[in-house]
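Let me begin by presenting the structure, written as structure tokens, before commenting on it.
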Amino acid sequence: MNIVSGGIIFDIKRFSVHDGPGIRTTIFFKGCPLSCWWCHNPESQSMNPELMLWPDRCIGCETCIKVCPNKAVSLIDNMIVTNRKKCVACGVCADNCPASAREIVGRRVSVEELLRDIEKDVTFYDESGGGVTISGGEPFLQWEFLENLLKECREREIHTAVDTTGYVDSDVILRVSDVIELFLYDLKLMDDSKHKYYTGVSNGLILKNLKLLDSAGKRIFARFPLIPGINDDEDNIRKTAEFVSGLSSVEEIDVLPYHKGGEQKAKRIGKRYLYNGEQPTDEVVERVVNLLQGYGLKVKIGG
Ligand code: SF4
Ligand code: SF4
């Protein structure tokens, strides 16, 4: 039994009710092949640990300047400034900051370590029909680790779900699907050139893999992140609905209205955030839901 090999994650959320049925433990894997303009977890995109800053918490003690082995922190115009080109995310400043104004996101974990966390809530999974959900990032970027972890969950009869972009090697997604009971499968844009522009990759492989999983009879919930001005136009909604209604294993489509949480996080890790729209109004959400329902689809708002 190979359960010791490790992976990199950036968060674990217990008692989640938005990532599949029942009460769940959601584990967020780090690394993603997409770079969506509206990403709500920008700290998930890189495979490496990153330094996150909370300047509003800083008490100006200058400890970070003293302890940084790479001289990446300095005082400029009375402000604590971090030179990210010099920072290697070693975490020394975060360990020593008395105000929790610095944090490293991303840590290596073993399957065993994660299983200990997952098993704490087995009673809740059993009572609510829940289980474990792996999200990200794109979990399949660490597919061997993913497979090892979910195999162990299945041996313990813990329900398994994976939230995926679908931008994954087809052989890999089919292979690992043996230990996945539910796919939460993102569908962002049907027009390929727009998909490339707003996410950085083509949707060809994503649509192909969804068809493959459907033909294999896998249980699937499609997920539609609703981003005003990018994918909320009637043409895109109709094409999404047509595609999904042509599949037999997609049980529902979850509409996930954009929220601004990712913008602040991007700033905190020193990344540019490209989407500058607002969260959709109730009217926009209602219009999209009605359009999808018009195709006979079961639609839910949220996960
Ligand atoms: S160690 Fe923390 S509180 Fe002190 S100056 Fe640095 S960021 Fe601010
Ligand atoms: S994470 Fe390490 S390299 Fe980066 S600023 Fe902190 S101490 Fe310096």
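The values are calculated or read from the model by the stated rules, or taken from the named source; none is laboratory data. Predicted model, so just to flag it, every value in this text is computed and none were measured. Backbone-built Cβ (ideal geometry, glycine too); neighbour counts: all protein chains shown. Ligands, DNA and RNA are stripped out before the accessible areas are found, and what is left, the full protein with its side chains, is counted by its heavy atoms. Shrake-Rupley method; radii C 1.70, N 1.55, O 1.52, S 1.80 Å.
Below, the figures for the structure above:
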| item | result |
| --- | --- |
| Relative contact order %, the range 191-303, counting alpha carbon pairs below 8 Å whose residues are six or more apart | 30 percent |
| Nearest-10 value in Å² for the accessible area of GLU112, using the 1.4 Å probe | 80 Å² |
| Taking the C-alpha atoms of the range 50-105, convex hull volume expressed per residue in Å³ | 69 Å³ |
| Nearest-20 debye value, the chain charge dipole, Cβ charges on Lys, Arg, Asp, Glu | 1080 debye |
| Inter-centroid distance (Cα atoms) of the range 208-273 relative to the range 37-102, Å | 33 Å |
| Vicinal HN-Hα couplings computed from phi for the range 167-179 (Karplus, 6.51 cos²θ - 1.76 cosθ + 1.60; Hz; Gly/Pro x) | 8, 9, 4, 4, 4, 5, 5, 5, 4, 6, 4, 4, 10 |
| Most to least accessible of MET52, MET79, MET47, MET190 (protein chains only, probe 1.4 Å) | MET79, MET47, MET190, MET52 |
| Only Lys, Arg (+1) and Asp, Glu (-1) charged, at Cβ; the range 250-303 dipole about Cα centre in debye | 520 debye |
| Average Cα contact separation per residue, the range 50-105, under 8 Å, 6 or more apart, as relative contact order % | 48 percent |
| Selection from VAL67, LEU53, ASN78, by position along the positive dipole direction of the range 50-105 (Cβ) | VAL67 |
| 222 nm mean residue ellipticity, helices alone, for the chain (DSSP H n ≥ 4; -39,500 (n - 2.57); rounded to 500) | -9000 deg cm²/dmol |
| LYS298 accessible area, assembled protein chains, probe 1.4 Å, Å² | 120 Å² |
| 5 Å-binned pair-distance histogram of the range 224-303 (Cα, whole percent) | 3, 14, 25, 21, 14, 10, 8, 4, 1 |
| Computed magnitude of the charge dipole of the range 156-303 (debye, nearest 20; Cβ of K, R +1, Cβ of D, E -1) | 580 debye |
| With every protein chain in place, the range 50-105: carbon and sulfur % of accessible area (1.4 Å) | 53 percent |
| Rounded accessible area per residue of the chain, 1.4 Å, Å² | 47 Å² |
| Rg to Rh quotient for the chain, alpha carbon positions, Kirkwood Rh | 1.00 |
